[in-house]
1. Could you give the angle, 0 to 90 degrees to the nearest 10, between helix 146-156's Cα long axis and the longest principal axis of the Cα atoms of the chain?
2. How big, on average over all directions, is the shadow cast by the Cα convex hull of segment 228-274, in nm²?
3. Averaging the inverse of every distinct alpha carbon separation and then flipping it gives the Kirkwood radius. What is it for the chain, in angstrom units?
4. Among 82-94, 160-172, 209-221, how do they line up from the highest to the lowest mean number of other beta-carbon atoms within 10 Å?
5. Against the longest principal axis of the chain, how steep is helix 41-51, in degrees 0 to 90 to the nearest 10, with axes from Cα atoms?
6. If you take every residue apart from ARG21 with its C-beta less than 11 Å away from the C-beta of ARG21, what net charge results, scoring Lys and Arg +1 and Asp and Glu -1?
7. When a/c reaches 1.5 or more, the comparison of a/b and b/c decides; with that in mind, is segment 129-255 rounded, prolate or oblate per its Cα gyration tensor?
8. Within a Cβ distance under 11 Å of SER205, other residues only, what is the Lys/Arg minus Asp/Glu net charge?
Amino acid sequence: MTEVRPGIVKAVIPAAGLGTRFLPATKATPKEMLPVVDKPAIQYVVEEAVAAGLEDVLLVTGRNKRALEDHFDRNYELEHALSRKGDDQRLSLVRESADLAAVHYVRQGDPRGLGHAVLSAASHVGDQPFAVLLGDDLIDPRDPLLARMIEVQQERGGSVVALMEVAEEQIHLYGCAAVEATAEDDVVRVTDLVEKPARGEAPSSYAVIGRYVLEPQVFDVLARTAPGRGGEIQLTDALQELAKSDAPGGPVHGVLFDGRRYDTGDRGDYLRAIVRLACEREDLGPDFRTWLRDWVREEL
Ligand code: G1P
């Protein structure tokens, strides 16, 4: 299931957002560098791409994002200091992120929305299908999603989005898909897409979560997609066009996901993600769980 056929080797990770929901932490630090337990959020996402066989990773960055480049590069001073101390464990942690993947960068310039960020990847991606991973969604490596999406794309062609059922009061926070069943239980045909539908107007409870496998024709569509919701060029709007026409780049299928997903996009979800992941860590989890249980019993 995790085999990647020739054709999809590149991952695009938009990382140009201003991270205003996390100010002042994000005044001088990119939000992608905020730690989730003890690893920057972006590293989980790059690791996920690599686990699905995508070792060419393009980060779409903007101003103020130099820390991202430093994180995926060598740090000889630190490596030297750790190796002098004989601290091999930490040394390997420092080297790990530099050796993970071939990480490339393109700057978005004007941040004009997710669709615009993806469009900035056009010349790096070229004419092969590619994946897009949004950094606010962390997918638990025990529930691999991207590999399944790649498999579906390779079997069916066109573009593939990840869909997750969410509660009615949550759907306005997401792109939402109208769907039809296919012969496979976890795959649906997407017949329509709406970016962040107004309350009561969502066509379904299927939310688009931040993983996409796209045909390169999406770039032609994005280049002529007018600003949509929030005055931004929306990836959802371009995919809606692909879902509705017989144009190259379509059709659009959805892979239904009901695994573990951690949202780091807003402060409350970010805190919940850290607590959940810390509880599950072999090294930190046992003590942390005990503390948490006592603390909740005594304080809450
Ligand atoms: C983006 C997309 C939205 C998608 C969401 C998933 O929105 O525009 O369609 O459902 O990511 O996390 P954002 O959360 O960046 O506003």
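1. 20
2. Approximately 5.1 nm², given one-decimal rounding.
3. About 20.2 Å, per the Kirkwood formula over Cα pairs.
4. 209-221, 160-172, 82-94
5. Once rounded, the angle reads 70 degrees.
6. Around ARG21, the surrounding residues sum to -1.
7. The shape class here is rounded.
8. -3
Every read-out reported here was derived from the displayed coordinates using simple, explicitly stated rules and does not represent laboratory data. This structure is a prediction, so every number in the text was calculated from the model and none was measured. In this analysis, Cβ positions are derived from the backbone assuming ideal geometry, glycine residues included, and neighbour counts consider all displayed protein chains.
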